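Student: What follows is a structure written as structure tokens; I'll ask about it next.
The values are calculated or read from the model by the stated rules, or taken from the named source; none is laboratory data. Just so it is clear, the structure is predicted and the values come from calculations on it, not from any experiment. Quick reminder, even Gly has a Cβ in these numbers, built from the backbone with ideal geometry, and neighbours come from all protein chains shown.
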């Protein structure tokens, strides 16, 4: 029980750090693709240094290597769509929509991990979708940003479930190292084909470098590795559900940093509160659900 509590506390710290990534994404002047390119390069190098210091082996078989590189592509596209949503909309809209990751995970995890579909998870996911509907209704000016953020949420659910499979067999730091490298390779190939390097790579200004280092080392290398590590103990759904608190942390931080420019309509905050209610209600209902199922399977208890 103490192990579970310890990992939940670690996860909440990670989620708070994730909330801060949106602030950094807004402050960095680069476009979303180049921002993520620099972020994954810095995270890849930071993780490599950590692994070398700890004397960890990077040895994986060919199949695992290709799988991790592929997941890295998914992570890269998730981050690109997330930061693009922030650039074309607001931090609040992007983070509010990202909470729909729970619904996508509740559907993807049974399909990919082959565990039974838990209807309670689907119901909670539906409640989150109600919150999203309210956001849609009251923020029509941000429709493009909302759709982009929802694509990001789907990809977040996908790579979380895929990492749940990988963490059973491989150390979290090694997983994160190869995924950051895979994402960097994927974006580099895209930039080669679309002529970004020929047109001239946008160089970060000095303040961008400070924010990129924070983003790459603290908010990515550390936070990403920890989010994978806690899945040794916590389910993918629990991880994603807790990560749904990212909008709350992020929206509060955004208002603190950017003031009235992040102020949204009352309907937006009602939708966000609906999502928050789902996050806190799930553990309560899940505990009752498990007790009822246990009593049904063992009537002599």
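Student: Scan the stretch 136-185 for residues that are over 18 Å from the mean Cα position of the chain (by Cα) and surrounded by fewer than 21 Cβ atoms within 10 Å (Cβ to Cβ) and jot them down.
Tutor: Of everything in the stretch 136-185, those that are over 18 Å from the mean Cα position of the chain (by Cα) and surrounded by fewer than 21 Cβ atoms within 10 Å (Cβ to Cβ) turn out to be 136, 137, 138, 140, 141, 143, 144, 168, 169, 170, 171, 185.
Student: Restricted to the stretch 268-288, and to residues that are surrounded by 15 or more Cβ atoms within 10 Å (Cβ to Cβ) and farther than 14 Å from residue 127 by Cβ, which residue is modelled with the highest pLDDT?
Tutor: The extreme case among them is 269.
Student: Continuing with the same structure: Quick one: is residue 58 part of a helix (DSSP H, G or I) and in contact (Cβ under 8 Å) with a residue 40 or more places away in the chain?
Tutor: Considered against the rule, which asks whether it is part of a helix (DSSP H, G or I) and in contact (Cβ under 8 Å) with a residue 40 or more places away in the chain, residue 58 comes out as no.
Student: Report whether or not residue 68 is over 18 Å from residue 219 (Cα atoms) and touching a helix residue (DSSP H, G or I) at 6+ places or on another chain (Cβ under 6 Å).
Tutor: Yes; evaluated as a whole, the condition is true for this residue.
Student: On to the next question. When the stretch 250-267 is examined, which residues are found to be modelled with pLDDT under 80 and buried (at least 17 other Cβ atoms within 10 Å of the Cβ)?
Tutor: Across the stretch 250-267, the qualifying residues are 251, 262, 264.
Student: Which one of the conditions (1) surrounded by fewer than 21 Cβ atoms within 10 Å (Cβ to Cβ); (2) at pLDDT 90 or above; (3) in contact with a helix residue (DSSP H, G or I) (Cβ under 8 Å, 6 or more places away or on another chain); (4) more than 22 Å from residue 243 (Cβ to Cβ) does residue 38 fail to meet, given that it meets all the rest?
Tutor: Here residue 38 meets the rest and fails (1).
Student: Could you tell me whether any residue of the stretch 61-70 is under 14 Å from the mean Cα position of the chain (by Cα) and buried (at least 21 other Cβ atoms within 10 Å of the Cβ)?
Tutor: No, because not a single residue in the stretch 61-70 is under 14 Å from the mean Cα position of the chain (by Cα) and buried (at least 21 other Cβ atoms within 10 Å of the Cβ).
Student: Going through the stretch 92-123 one residue at a time, which ones are part of a helix (DSSP H, G or I) and within 15 Å of residue 271 (Cβ to Cβ)?
Tutor: Answer for the stretch 92-123, where residues must be part of a helix (DSSP H, G or I) and within 15 Å of residue 271 (Cβ to Cβ): 92, 93, 94, 95, 96, 97, 98, 102, 103.
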